[in-house]
Amino acid sequence: MAIDDMLSELKELARIVDDATKKIGEFKKPVKESSDSIPLAQDGISDIIKETEKAANNIMNLLDEINENSNNINNSLLHLIELNPIKKIKESLVNLKELNKRNIDKILDVLSLLSFQDLTGQKLYKIQNVLNETKIKLLKVLVDSELEAKEIPVKKKAEIYGKLQDMVSDNQKMAQNDVNSILSELGF
C-alpha cells in the first residue's frame, strides 16, 4: 500500500511540475515582448531628455541675450534721464526704465522656472535606469527558463551565462544587439 501511495504522490508531483513548466512557457512570450519594447521606451526617454535639454539651453541663451539688451536699454535710459530733459520726456523715460526693470525681473523668474528641466532630466534618467533594471531581470528570467527547458550543453550554458553576466555587470544601458545575440542563441 505504501508503494501505491508513493506512486500516487509522484504522479501528483509530476503533474504539478508539468503545470508549472507550462505556466513558465506561457510567460516566455510576454517576457520576450517586454524585452523588445523596453529599449524603445528607453530610446524615447533618451530623446526626450536630449530635446528638453537642448530646448532649455536655447531658451536660456535667448533670455541671456534679452537680459543683456535690457541692461543696455537701462543704461541708455539712465543716461537720458541724467540729461535732465523736459518734464514729460523725463516722465516717459522713467516709466520706460521701470517697465524695463519689470522685464528684467520677469526674465530672472523665467530662468528660475527653467531649472525644472534639470529636475525633469534627473527623473527621466531614474525611469530609464528602472527600465534597464527591468530589462536585465526579464532577460535573466528568460535565459534561466530557456536554459533549464532546453537540452543545451553545459559549456554552451556557461558561455551564455558569461555573456549575460558581462552585459549586466557594468550596470550600463545594455546594447540591444547584445540582448538579441543572447536571445537568438536561445532560439528566439
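The values are calculated or read from the model by the stated rules, or taken from the named source; none is laboratory data. It should be emphasised that the depicted structure is a prediction, and the values quoted were computed from it without experimental measurement. FYI the Cβ positions are ideal-geometry reconstructions off the backbone, even for glycines, and counts take in every protein chain you see.
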Practice problem: Specify which of the listed residues (Val130, Val179, Val141) is farther than 30 Å from Leu78 by Cα and at pLDDT 80 or above. | Solution: Val130
Self-check item: Wholly within segment 71-188, helices (runs of 4 or more DSSP H) carrying at least 2 residues that are under 19 Å from the mean Cα position of the chain (by Cα), loosely packed, with under 14 Cβ neighbours inside 10 Å and not β-branched (Val, Ile, Thr)
Solution: 116-149
Quiz item: Of everything in segment 34-59 that's hydrophobic (A, V, I, L, M, F, W, C) and either surrounded by 14 or more Cβ atoms within 10 Å (Cβ to Cβ) or over 23 Å from Lys106 (Cβ atoms) (or both), which residue is nearest to the chain's Cα centre (by Cα)?
Solution: Ile45
